[in-house]
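The values are calculated or read from the model by the stated rules, or taken from the named source; none is laboratory data. Computed from a predicted structure; not experimentally measured. Reconstructed Cβ throughout: ideal geometry from the backbone, glycine too, with neighbour counts over all protein chains shown. Ligands, DNA and RNA are stripped out before the accessible areas are found, and what is left, the full protein with its side chains, is counted by its heavy atoms. Shrake-Rupley method; radii C 1.70, N 1.55, O 1.52, S 1.80 Å.
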Amino acid sequence: MNGQAKLTCSSLPGTAILKDGTTVEIAAPGEEARSLLLSLFSKLSLDTVLLRFLRPIKYWEPVVDDILSNARLVIVGLRDGEAVASIEAYDTGIRGIAELGIVVRDDLQGRGLGTTLTALLALCLLGNGYKAVEAYFDPSNIPMRRIMVDKLGGRVVGYGRDMVFTRLDLEPNRERILSVLCSRYRPSRGQLTAPGES
């Protein structure tokens, strides 16, 4: 993993509560990470694959191996032992700034899981001394823009060729992040807190 240790998060594991009241277990996967991600990605529709990976993918093994080699933190959503969502944090090369990658299985999109996972990742990064998290995505990915900008308080920082770049500054949006999580997420132990809180 390029010589850097994986990040830990005191808010994991836990339970996400979706808009319809159903739940998804949230955890940082261990040895089963590769098989969970392979199973999740292979079940995505082409539209979802294009939104998350920006290209069609035929062979998932190298993609998953790359994720597990380079991600500082991987969080998965689980139902009946099967991964239904994944979010990862990657170092950008700029100290204190991470980049995220996220995907939610097609049948669970639009139910609040993506927002919960993004807020949870932001809280975990804040707890590990990060200052900001960035996401870039296709302009047609309106749900991701809503999560980063409207719900969590981030901003659009630029546009590239067929790409929108967003940034969420963590400390200034700490209360907003916690507020989103308070109604959507229950850690298995303790309470939701960010650094500096008791």
Any residue in the stretch 169-198 that is of a type in the set (Lys, Arg) sitting within a Cβ distance under 7 Å of a residue that is open to solvent by less than 40 Å² (accessible area, probe 1.4 Å) and at pLDDT below 95? List the pairs, counting only those 6 or more apart or interchain. ARG174/ALA194
Within the stretch 128-154, which residues are open to solvent by 50 Å² or more (accessible area, probe 1.4 Å), at pLDDT 95 or above and among the small types (Gly, Ala, Ser)? GLY129
Kindly indicate whether any position in the stretch 82-100 is open to solvent by 10 Å² or more (accessible area, probe 1.4 Å), more than 22 Å from PRO143 (Cα to Cα) and touching a helix residue (DSSP H, G or I) at 6+ places or on another chain (Cβ under 7 Å). yes
Residue hits (the stretch 18-42; open to solvent by 50 Å² or more (accessible area, probe 1.4 Å) and not in a loop (DSSP other than H, G, I, E, B)) are THR23, GLU25, ARG34, SER35, SER42
Does the stretch 162-173 contain any residue that is open to solvent by 20 Å² or more (accessible area, probe 1.4 Å) and modelled with pLDDT under 95? yes
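For the stretch 139-198, how many residues are farther than 30 Å from LEU50 by Cβ and assigned to a strand (DSSP E or B)?
Within the stretch 139-198, the first condition is being farther than 30 Å from LEU50 by Cβ, and the residues that meet it are 171-172, 174-175, 178-179, 182-183, 186-198.
Still in the list and also assigned to a strand (DSSP E or B): 186-187.
Residues meeting the conditions: 2.
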What is the residue count in the stretch 13-57 for residues that are within 24 Å of ILE97 (Cα to Cα), modelled with pLDDT under 95 and not aromatic (Phe, Trp, Tyr)? 3
Could you please tell me which pairs satisfy a Cβ distance under 7 Å, a separation of 6+ or placement on different chains, a first residue in the stretch 11-26 that is at negative phi and in contact (Cβ under 8 Å) with a residue 24 or more places away in the chain, and a second residue that is surrounded by 14 or more Cβ atoms within 10 Å (Cβ to Cβ) and acidic (Asp, Glu)? PRO13/GLU25; THR15/GLU25
Hits in the stretch 54-88 - residues which are part of a helix (DSSP H, G or I) and in contact (Cβ under 8 Å) with a residue 12 or more places away in the chain: GLU61, VAL63, VAL64, ASP65, ILE67, LEU68, SER69, ASN70
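Yes or no: LYS6 closer than 27 Å to VAL180 by Cα, out of contact with any helix residue (DSSP H, G or I) (no Cβ under 7 Å at 6 or more places or on another chain) and either basic (Lys, Arg) or free of Cβ contacts under 8 Å to residues at least 40 places away in the same chain (or both)? Spell out how you get there, then give the answer.
Details: closer than 27 Å to VAL180 by Cα: yes; out of contact with any helix residue (DSSP H, G or I) (no Cβ under 7 Å at 6 or more places or on another chain): yes; either basic (Lys, Arg) or free of Cβ contacts under 8 Å to residues at least 40 places away in the same chain (or both): yes.
Yes.
Would you mention how many residues in the stretch 70-81 are among the small types (Gly, Ala, Ser) and surrounded by fewer than 18 Cβ atoms within 10 Å (Cβ to Cβ)?
Let us first name the residues in the stretch 70-81 that are among the small types (Gly, Ala, Ser), namely 71, 77, 81.
After this cut, where a residue has to be surrounded by fewer than 18 Cβ atoms within 10 Å (Cβ to Cβ) as well, the list is 81.
Counting residues in the stretch 70-81 that are among the small types (Gly, Ala, Ser) and surrounded by fewer than 18 Cβ atoms within 10 Å (Cβ to Cβ) gives 1.
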Scan the stretch 103-124 and give yes if some residue there is touching a Lys or Arg at 6+ places or on another chain (Cβ under 6 Å), surrounded by 13 or more Cβ atoms within 10 Å (Cβ to Cβ) and in a helix (DSSP H, G or I), otherwise no. yes
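Going residue by residue through the stretch 46-69, is there one that turns out to be farther than 29 Å from VAL164 by Cα, open to solvent by less than 70 Å² (accessible area, probe 1.4 Å) and more than 16 Å from the chain's Cα centre (by Cα)? Break it down into steps so the answer makes sense when it comes.
Initially, the stretch 46-69 is screened for residues farther than 29 Å from VAL164 by Cα, giving none.
No; the residues of the stretch 46-69 include none that is farther than 29 Å from VAL164 by Cα, open to solvent by less than 70 Å² (accessible area, probe 1.4 Å) and more than 16 Å from the chain's Cα centre (by Cα).
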Do we have ALA71 as farther than 21 Å from ASN141 by Cα and at pLDDT 95 or above here? yes
